[in-house]
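Inspection log for the structure reproduced underneath, given as structure tokens.
Bear in mind these aren't lab numbers, they're just calculated from the coordinates by the rules spelled out. Because the structure is a prediction, the values reported are computed rather than measured. As a convention, Cβ positions derive from the backbone with ideal geometry for all residues, glycine included, and neighbour counts pool all protein chains shown.
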Amino acid sequence: MANTDASKTAVVTGASSGIGEACARTLAAQGFHVVLGARRVERIEAIAQEIGGTAHQLDVTDEASVDAFVAATTAAGPVHVLINNAGGAKGFAPVLEADLDDWRWMWETNVLGTLRMTKSLLPALIDSGDGLIVTVTSVAALGHYDNGAGYTSAKHAQALLHRTLRGELLGKPVRLTEICPGMVETEFSLVRFDGDAQRAADVYAGVTPLIADDIAEIVGFVATRPPHVNLDQIIVKPRDQADAGRVHRQH
């Protein structure tokens, strides 16, 4: 991939691990100055030191945290790229047994978190003259599966927020790319199942899943396209996965 102008700044949310961390490392290697945001401050500070980036505490569910993060980031100069990566799933219950706290967390993190970050950084992205918003949704934004209504509904809403901007920003110097990953082995399932390592491991049993670097490589490709090239939507799944609910497992 081509290197970019070192003066360009890319913001990555949920950057303390998994896809966010991998994106931060990839973009830094391509010459971006990366601003990492996450709740685990020590973790992002260590990564920022390794890649020559900047770390700021960020909780996308907290308006004051978002405001402080955006103020600190924009005060340092123009912002060209926003990677909306913070999100996740909690629980795996049928609708009849839905935990409303889990649903609230998923909607606050995936939907309103993306809204807060996008709304707050959009003026800076427009002013940069060559802005890019990448939102990491999921194949869960394209379909549904049993016991997943809380997560799939949140991902559908997050995706439609992102897709709506494509028309609203037409004529503005901002590109928008939605990336819809299938199974990626990160901390995702560990969070979903409240730290149950065995249950999380079982999700990927018999499957060769994607890894965080697979998604980061795609993000890096998107971020280095010329300003007139807009990759609207990219769907990426392991070879063993047909859709959100159909997977081939080796026995």
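With an 8 Å Cα cut-off and a minimum separation of 6 or more residues, compute the relative contact order for the chain in percent.
Relative contact order comes out at 19 percent.
Once the convex hull of the alpha carbons of segment 9-247 is built, what does its volume come to per residue, in cubic angstrom?
Once divided by residue count, the hull of segment 9-247 is 118 Å³.
For residue 66, what charge total do you get from the other residues with a beta carbon under 10 Å from its beta carbon, if Lys and Arg give +1 and Asp and Glu give -1?
Value of the local net charge: -2.
Between beta-carbons, use under 9 Å as the cut-off and find the net charge around residue 131, counting Lys and Arg +1, Asp and Glu -1.
Result for the local shell: 0.
When the gyration tensor of segment 107-251 is built from Cα positions, what are the square roots of 5 times its three eigenvalues, in whole Å, from largest to smallest?
30, 17, 13
Counting only DSSP beta bridges with both residues in segment 9-247, what percent are antiparallel, rounded to the nearest 5?
5
What is the sum of charges, Lys and Arg at +1 and Asp and Glu at -1, for the other residues whose Cβ falls under 15 Å from the Cβ of residue 141?
Taking every other residue near residue 141 into account, the sum is +1.
Per 0.36 nm of contour for each residue apart, how much would the distance between residue 145 and residue 76 grow if the chain were fully extended, relative to their Cα-Cα spacing?
Stretched fully, the residue 145-residue 76 segment lengthens by 20.5 nm.
As a quick test, which of the pairs 90/155; 172/237; 8/172; 119/237 have an alpha carbon distance above 22 angstrom in this structure?
Table pairs above 22 Å Cα-Cα are 172/237; 119/237.
Going through the DSSP H helices of the chain, which span 27 Å or more along their own axis at the Cα atoms while scoring at least -1.0 as a mean Kyte-Doolittle hydropathy?
149-168
Between residue 232 and residue 96, take the C-beta separation as r, use R0 = 41 Å, and let me know the FRET efficiency to the nearest 0.05.
So, using R0 = 41 Å, E works out to roughly 0.65.
Percent of Cα-Cα pairs more than 17 Å apart in segment 12-76, please.
I get 32 percent for the Cα pairs in segment 12-76 exceeding 17 Å.
Given Cβ point charges of +1 (Lys, Arg) and -1 (Asp, Glu) and nothing else, what value in debye, to the nearest 20, does the dipole of the chain about its Cα centre take?
Computed charge dipole of the chain: roughly 620 debye.
Please give the Cα centre distance for segment 106-129 versus segment 53-89, rounded to the nearest Å.
9
Using mean Cβ contacts within 10 Å as the protection proxy, how do 31-40, 138-147, 71-80 order, highest first?
With the highest mean Cβ count within 10 Å placed first, the list reads 31-40, 138-147, 71-80.
Could you give the length gained by full extension between residue 197 and residue 127, i.e. 0.36 nm per residue of separation minus their alpha carbon distance, to one decimal place?
Extending this stretch completely gives an extra 20.7 nm.
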